[in-house]
1. Confirm whether GLU257 is more than 30 Å from VAL497 (Cα to Cα), at pLDDT 80 or above and open to solvent by 60 Å² or more (accessible area, probe 1.4 Å).
2. Can you pull out the residues in the range 12-53 that are farther than 28 Å from ALA360 by Cα and at pLDDT 80 or above?
3. Test ASP173 against the stated conditions and say whether it is in a helix (DSSP H, G or I), more than 28 Å from GLU300 (Cα to Cα), without any contact (Cβ under 8 Å) to a residue 40 or more places away in the chain and open to solvent by 50 Å² or more (accessible area, probe 1.4 Å).
4. Is one or more of the residues making up the range 465-478 over 30 Å from GLU549 (Cβ atoms) and open to solvent by less than 10 Å² (accessible area, probe 1.4 Å)?
5. Name the helices (runs of 4 or more DSSP H) wholly within the range 68-151 that hold at least 1 residues that are among the basic types (Lys, Arg) and surrounded by 10 or more Cβ atoms within 10 Å (Cβ to Cβ)?
6. Would you point out which residue out of GLY506, GLY520, GLY555 is out of contact with any strand residue (DSSP E or B) (no Cβ under 8 Å at 6 or more places or on another chain) and either surrounded by fewer than 22 Cβ atoms within 10 Å (Cβ to Cβ) or more than 21 Å from GLN332 (Cα to Cα) (or both)?
7. Determine the pairs where a residue that is part of a loop (DSSP other than H, G, I, E, B), located within the range 335-348, has a partner that is of a type in the set (Asp, Glu) with Cβ atoms under 6 Å apart, the partner being 6 or more residues away or on another chain.
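The values are calculated or read from the model by the stated rules, or taken from the named source; none is laboratory data. All figures in this text were calculated on a predicted structure; none of them were measured in a lab. FYI the Cβ positions are ideal-geometry reconstructions off the backbone, even for glycines, and counts take in every protein chain you see. SASA here: full protein model, heavy atoms, side chains in, ligands and nucleic acids out. Shrake-Rupley method; radii C 1.70, N 1.55, O 1.52, S 1.80 Å.
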Amino acid sequence: MAKYGPMTWLLIHVLLFSCSSAHTDVFTSIGHMTDLLFTERDLVTSLKDYIRAEENKLEQIKKWADKLDVLSAAATQDPEGFLGHPVNAFKLMKRLNTEWGELESLVLTDMSDVFISNLTIQRQHFPNDDDQVGAAKALMRLQDTYQLDTNTISTGELPGSSSSPRSVLTADDCYDLGKVAYSEADYYHTDLWMVQALRQLGQGEASSTVDTVTILDYLSYSVYQQGELDRALDYTKRLLELDPAHQRANGNLKYFEYQLTKQKKMEEREEEETDGRRRKGRPDDYLPERKKYEELCRGEGLRMTPRRQSRLFCRYHDNNRHPKYVIGPVKQEDEWDRPHIVRYHNIVSDKEMEKVKELAKPRLRRATISNPVTGVLETAHYRISKRRATVHDPQTGKLTTAHYRVSKSAWLGAFEHPVVDKINQRIEDLTGLDVTTAEDLQVANYGVGGQYEPHFDFGRKDEPDAFEELGTGNRIATWLLYMSDVQAGGATVFTDVGASVWPKKGTAVFWYNLHASGEGDYRTRHAACPVLVGNKWVSNKWIHERGQEFRRRCGLQEDH
């Protein structure tokens, strides 16, 4: 074991403790996670250097030992004769007085100092327990949204991942996923992942640290909580076959047998009323439109009639002969009719998008927004900081993050770089709306299972003060630019009307959040689906009412 002085150990422990919470929410941004790969690569290089140093050290010690072994073997056969030679006597004195001391110093030399120092410094960039739990929950979210079985995820054979390098989940990994679900009282996913861990152990997977007894212990309780007494009893019996002295299993065996006997004597309906355990299935969800949302994410759900579809067109758009686009109009495509959602193709160059990402990446922070039930809008970044949106938890009163938006975002002002100013001007030229009263360009990067659940962009009647501090009125329109392609998942879906818009790098979608009358268009409720495979970068511009008085005139009737 490496030896350190008290102050060295104190420094290491202080650094490790302080770093454990210094870098949170890493899993919410693929952009930030890429940095971790390079950090890990540097650590592997440092580790190999340490191994080589240790090997060189051991090689020197081995040579010394081999030399002394031969010498001492010859000397001890005739000690007096050996020491009778004055050179041998001198060298014995020298070895014991000097060379063994040098060997002791070599053995005590700690070759790990450089590696430990490097590791200690790099740990400040490491994810913490919250990141690991967040990534585990993200895998389960993808599992549910895209209806994937545990074996598909475990083998890494996800849709759209054929050209990507992939890892597989070990039995230990599956067990850890099950434990995360168990800690959340999510017995549905505990069941699925513990069964997968058990299956992989049964297939003879080597190098596993988890044992079958432990998995069966979790499984028996999880299926019991879902009301499956037969399975709970079966898992308990299998556990006791492996460990007859297991105290909890012996107690559960008697209890499950009693409950099963009781259940057989009762009507199924009566049993459901008297039994407080949860029914089998996914945990209860606060989102009433969860099923529709996930169907749209999979490309299922509502389809347009052929007649409606025939009314959607692609065209060259010059915004009423705008000087910049008369000669070179842009390609505009109808994505949906009611509400009218259009897509602009090849609207931003790769160079411009890379610059926006470069500007945003150092500022990316976990996107934190309001309660999805109340639908309070993401305006807190103006009250607290134009760089980070945070809200107060209504129960604790503390600033908090929202689990229903898994991404990181940054805000870029037009003054910060010419490319941001150019994009803003392009939005104004193409939409005909004044962007001087719009919010800064928001850049978002989605992480593992990154998503943004259904929400409105505009402030509704029960939120009269949603944008009061801005003094620019409500959000009249939304411009959403896709800055990357996504291999699988990541669609923008409109849950009220059943529209699904898929990411395509360099294109932007645009829609009005308000009718011409100024009333909110509730058909624009939308969501960003979880990213299954890929890295999703977007930027959006929320355009406000002020300044549009002569650009989009009011109408007494709502547009249809």
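1. Values: more than 30 Å from VAL497 (Cα to Cα): yes; at pLDDT 80 or above: yes; open to solvent by 60 Å² or more (accessible area, probe 1.4 Å): yes.
For GLU257, the condition - more than 30 Å from VAL497 (Cα to Cα), at pLDDT 80 or above and open to solvent by 60 Å² or more (accessible area, probe 1.4 Å) - is met.
2. Pass one, the range 12-53, residues farther than 28 Å from ALA360 by Cα: 12-17, 44-53.
Those that are farther than 28 Å from ALA360 by Cα and at pLDDT 80 or above: VAL44, THR45, SER46, LEU47, LYS48, ASP49, TYR50, ILE51, ARG52, ALA53.
3. Numbers: in a helix (DSSP H, G or I): yes; more than 28 Å from GLU300 (Cα to Cα): yes; without any contact (Cβ under 8 Å) to a residue 40 or more places away in the chain: yes; open to solvent by 50 Å² or more (accessible area, probe 1.4 Å): yes.
Here the answer is yes, as ASP173 does meet what is asked.
4. Pass one, the range 465-478, residues over 30 Å from GLU549 (Cβ atoms): none.
There is no residue in the range 465-478 that is over 30 Å from GLU549 (Cβ atoms) and open to solvent by less than 10 Å² (accessible area, probe 1.4 Å).
5. Details: elements: 79-83, 86-94, 100-108, 113-122, 129-145.
Where helices (runs of 4 or more DSSP H) fall fully within the range 68-151 and carry at least 1 residues being among the basic types (Lys, Arg) and surrounded by 10 or more Cβ atoms within 10 Å (Cβ to Cβ), they are 86-94, 129-145.
6. Details: GLY506 fails: out of contact with any strand residue (DSSP E or B) (no Cβ under 8 Å at 6 or more places or on another chain); GLY520 fails: out of contact with any strand residue (DSSP E or B) (no Cβ under 8 Å at 6 or more places or on another chain).
So the residue among GLY506, GLY520, GLY555 that is out of contact with any strand residue (DSSP E or B) (no Cβ under 8 Å at 6 or more places or on another chain) and either surrounded by fewer than 22 Cβ atoms within 10 Å (Cβ to Cβ) or more than 21 Å from GLN332 (Cα to Cα) (or both) is GLY555.
7. PRO339/ASP521
Yes/no per residue for (1) in contact with a Leu (Cβ under 7 Å, 6 or more places away or on another chain); (2) outside any loop (DSSP other than H, G, I, E, B); (3) aromatic (Phe, Trp, Tyr):
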residue: ALA516; (1), (2), (3): no, no, no
residue: ALA527; (1), (2), (3): no, yes, no
residue: LEU532; (1), (2), (3): yes, yes, no
residue: ASN535; (1), (2), (3): no, no, no
residue: ASN540; (1), (2), (3): yes, yes, no
residue: GLY547; (1), (2), (3): no, no, no
residue: CYS554; (1), (2), (3): no, no, no
